[in-house]
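The values are calculated or read from the model by the stated rules, or taken from the named source; none is laboratory data. Computed from a predicted structure; not experimentally measured. Every residue, glycine among them, receives a Cβ derived from its backbone with ideal geometry; neighbour counts consider all protein chains shown.
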């Protein structure tokens, strides 16, 4: 990103530092004790063995925050 020092400008970025960890039931025999590999999600197992969509997408598993600061 180029910046013109003659104007007051802001740098903006996103990151996932506040994402909530969780377990992904769709992974079957995978070891869900590994920290940081899966994110928070709410899914139900259906009678046919398939899964519902994530019913709590705003619970932190998809958290992507926006940050900003003045450029020097």
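Of all the residues in the range 57-72, those that are part of a strand (DSSP E or B) and over 19 Å from the mean Cα position of the chain (by Cα) number 2. A single entry from 37, 33 fulfils the requirement of being in a loop (DSSP other than H, G, I, E, B), modelled with pLDDT under 90, surrounded by 10 or more Cβ atoms within 10 Å (Cβ to Cβ) and out of contact with any helix residue (DSSP H, G or I) (no Cβ under 7 Å at 6 or more places or on another chain): 37.
Looking only at the range 43-67, count every residue that is under 30 Å from residue 13 (Cβ atoms), surrounded by 10 or more Cβ atoms within 10 Å (Cβ to Cβ) and in contact (Cβ under 8 Å) with a residue 24 or more places away in the chain and tell me the total. Matching residues across the range 43-67 total 8.
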